[in-house]
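These notes are about the structure you will find just below.
The values are calculated or read from the model by the stated rules, or taken from the named source; none is laboratory data. Because the structure is a prediction, the values reported are computed rather than measured. Here Cβ is always computed from backbone atoms with ideal geometry, including for glycine, and neighbour counts include all displayed protein chains. Accessible surface areas use protein heavy atoms only, side chains included; no ligands, DNA or RNA. Shrake-Rupley method; radii C 1.70, N 1.55, O 1.52, S 1.80 Å.
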Amino acid sequence: MQSKNKTVMRSMEILNLFIHHAKLSFNEIVEHSGIPKTSAYRMVQTLEEMDLLDKDANGHYSLGVLFLRFGHLVSERMDIRQLAIPAMEKLHKETGQAINLIIRDRDEAVYIEKIQSIQPVRLYTMIGRRTPLYAGACARVILSFLPAQQREEYLKRVELVPFAKGTIATIEDLRQSISQTRNVGYTISYSELEDFTAAIAFPILDYKGDIIAGISIAGIEKDYEGEALEHFITLGKQSASEISAKLGYIES
């Protein structure tokens, strides 16, 4: 284990060189890192195979495309909060309900921004809270708009655990909910994470039409019926469309 940890630490030393150098030859990597040539050669080869380093035609190394992918992902996740806050504040003012912004982290959804309800009864949601992708409107709207292959892979491996009286209990019901969500463009949950609560969630899409985040209106179950529900749906769709447009999404 110590040997593996040492290898990881030394590999990080090599990668850290590129904070100050755009390109380095192999000999320069050895010189700046102080790592023996044989060890450095193995590490550089591994880093190149993992797309963490890229080697050009002149034999010089630079940070690989994987960093670009991670950087783009981090940038999207950081920026989405700033883009969404004005629409969230407007939606909160119009509805008086709790407004949540969520993103995906592997098989979970994470709350990254929240505006609390003005109602006396408060829901248990907080920034940083995680929920499985199948449970609750906030999370399931992200699951519903993932690419088909990713959805199917998730459905094959997920174990459905109940959180409240309305938590989806079977894969068949989950598939039906996903299908309905994709058809109408939003999802609704009743008592899925906490009893007597409800939420409506809407997808936030980027310029490619990929799901980036979800925005939800959440409150007490009895307030999500009839005309009030239809009003929330109309306002939520508008907010999600507004944020998606800022990301370059064009509705067909």
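Tell me which strands (runs of 3 or more DSSP E) are completely within segment 114-217 and hold 1 or more residues being loosely packed, with under 14 Cβ neighbours inside 10 Å, or say none if there are none. Passing ranges, in order: 130-132. Taken over segment 65-91, the criterion of being touching a strand residue (DSSP E or B) at 6+ places or on another chain (Cβ under 8 Å), at pLDDT 85 or above and open to solvent by less than 60 Å² (accessible area, probe 1.4 Å) is satisfied by ILE80, ALA84, ILE85, ALA87, MET88, LEU91. List, please: which pairs have Cβ atoms under 8 Å, are six or more places apart or on different chains, and start with a residue in segment 11-27 that is at pLDDT 90 or above and end with one that is exposed (fewer than 13 other Cβ atoms within 10 Å of the Cβ) and of a type outside the set (S, T, N, Q)? Filtered contacts from segment 11-27: LYS23/ASP56; SER25/GLY59; PHE26/GLY59.
Taking the conditions exactly as written (more than 25 Å from MET88 (Cβ to Cβ), among the acidic types (Asp, Glu) and modelled with pLDDT under 95), does ASP210 satisfy them or not? For ASP210, the condition - more than 25 Å from MET88 (Cβ to Cβ), among the acidic types (Asp, Glu) and modelled with pLDDT under 95 - is not met. Taking the conditions (1) at pLDDT 95 or above; (2) farther than 28 Å from GLY248 by Cα in turn, GLU94 satisfies each one other than (2).
What are the residues in segment 4-42 that are outside any helix (DSSP H, G or I), of a type in the set (A, V, I, L, M) and in contact with a strand residue (DSSP E or B) (Cβ under 8 Å, 6 or more places away or on another chain), if any? Even if it seems obvious, please write down each step before you answer.
Within segment 4-42, the first condition is being outside any helix (DSSP H, G or I), and the residues that meet it are 20-25, 34-36.
So of that shortlist, the ones also of a type in the set (A, V, I, L, M) come out as 22, 24, 35.
Across segment 4-42, the qualifying residues are ALA22, LEU24.
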